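Q: Questions regarding the structure given below will be posed in turn.
The values are calculated or read from the model by the stated rules, or taken from the named source; none is laboratory data. Values in this document were obtained by computation on a predicted structure and should not be read as measured data. A quick note on method: Cβ atoms are made from the backbone with ideal geometry, for glycine too, and the neighbour counts reach across all protein chains shown.
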Amino acid sequence: MIDSIIIYSYSIAAAAGVTAGAINAQRSSTASIIMFILIGLPIITGLVFLQIFLSKMQSKWPGLVLPGCSIFLSLIAGFGFLLYTIAGARVFISAIAIFVLFNIPTLIHLAIYMIVRNNRKDLSKKNQEIQKMNIQDLE
């Protein structure tokens, strides 16, 4: 049954003037999108939740682990690009572009870190004020 549907879709595409290569390209792009949804989205979501979890810890250092790893990977990508290409002005500009693009996750991780840490500081200030008010009420 599936084979007949595929043959039918090829015959419709051939009647419309579409080549088999275009159909395969469309099928592979659809497969890429599905693979991103099934694999990439859970990984990105997991990294965001991990960053939130690490940023909520009492020490400030665990929240800086993922941004540090991201900066390290962007340096590797930029220097790796420079090492494996012939030197020139365009190559240097491309390496800077690669470095900037690879630092987008770093900026996102740092934004999450700052938002969570600032919210935590605000909550601790409010808790201190509530404790002071409770102490004053007891007196």
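Q: Given the condition closer than 29 Å to R120 by Cα, exposed (fewer than 13 other Cβ atoms within 10 Å of the Cβ) and at pLDDT below 90, answer yes or no: does some residue in the range 78-91 qualify?
A: Scanning the range 78-91 turns up no residue that is closer than 29 Å to R120 by Cα, exposed (fewer than 13 other Cβ atoms within 10 Å of the Cβ) and at pLDDT below 90.
Q: Please enumerate the residues belonging to the range 64-90 that are β-branched (V, I, T) and under 21 Å from F49 (Cβ atoms).
A: Within the range 64-90, V65, I71 qualify.
Q: So, one more: For the range 58-89, which residues satisfy the criterion of being in contact with a Lys or Arg (Cβ under 8 Å, 6 or more places away or on another chain) and assigned to a loop (DSSP other than H, G, I, E, B)?
A: Within the range 58-89, K60 is the sole residue that qualifies.
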